[in-house]
Amino acid sequence: MKTILFTLLVSFSTVLTATEQKPLVLDDVCRAIGSGNVDELAAIMDAEVELSILNEEDLYSREQATAALKAFFGKFKPSSFGKVHQGASKSADAEYCIGTLATANGPFRVYVYVAKRNNGVLLQELRFERE
């Protein structure tokens, strides 16, 4: 009886933990940029992403944007990301952030734009410019 009770308790706590996961927010996007975590960024990208890396700007599919970011972070290994400015659209359905990405090859000014959804944010625009 104790074994069954213990098993049910463990199973129930696992279900609670899974349903209590917080939705991703703009701060999570900034952390992913600062650590160069392309997989986390890809997981929250919209189907198409406006991406600008060193004056090369285009509208990319999620797969193309992921490949471009992997190449960028492979060449410019990030060490930290600091927010300089953050705000929201007037209708409060989007947020943006401007920050500085420190890399082994020098700093970049980064612009991030995300659309708010019921369960978090969706990355729609990302820009990297040399400072």
Can you report the number of residues in the stretch 81-106 which are closer than 22 Å to ALA65 by Cβ, touching a Ser or Thr at 6+ places or on another chain (Cβ under 9 Å) and either among the hydroxyl-bearing types (Ser, Thr, Tyr) or outside any strand (DSSP E or B) (or both)? 3
Residues located in the stretch 55-80, provided they are in a loop (DSSP other than H, G, I, E, B) and at pLDDT 95 or above: PHE76, LYS77
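Quick grid of which residues meet (1) within 14 Å of the chain's Cα centre (by Cα); (2) among the β-branched types (Val, Ile, Thr); (3) under 13 Å from VAL25 (Cβ atoms):
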site: PHE72; (1), (2), (3): no, no, no
site: LYS75; (1), (2), (3): no, no, no
site: SER79; (1), (2), (3): no, no, no
site: ALA88; (1), (2), (3): no, no, yes
site: GLU95; (1), (2), (3): yes, no, yes
site: PRO107; (1), (2), (3): no, no, no
Name the single residue that is nearest to the chain's Cα centre (by Cα) among those in the stretch 116-131 being assigned to a strand (DSSP E or B) and exposed (fewer than 15 other Cβ atoms within 10 Å of the Cβ). ARG117
Given the conditions (1) under 19 Å from PHE108 (Cβ atoms); (2) open to solvent by less than 60 Å² (accessible area, probe 1.4 Å); (3) without any contact (Cβ under 8 Å) to a residue 40 or more places away in the chain; (4) part of a helix (DSSP H, G or I), which single one is not true for CYS30? (3)
If you check GLU40 against the conditions, is it touching a Leu at 6+ places or on another chain (Cβ under 9 Å), open to solvent by less than 80 Å² (accessible area, probe 1.4 Å), assigned to a helix (DSSP H, G or I) and of a type outside the set (S, T, N, Q)? yes
Answer with yes or no whether LYS75 is without any contact (Cβ under 8 Å) to a residue 40 or more places away in the chain and either exposed (fewer than 14 other Cβ atoms within 10 Å of the Cβ) or of a type outside the set (S, T, N, Q) (or both). yes
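The values are calculated or read from the model by the stated rules, or taken from the named source; none is laboratory data. All values reported here derive from a predicted model rather than from experimental measurement. Counting neighbours? That spans all protein chains shown, and the Cβs are built from the backbone with ideal geometry, glycine included. Each accessible area value is taken on the protein alone, full model and side chains, heavy atoms only, with ligands, DNA and RNA left out. Shrake-Rupley method; radii C 1.70, N 1.55, O 1.52, S 1.80 Å.
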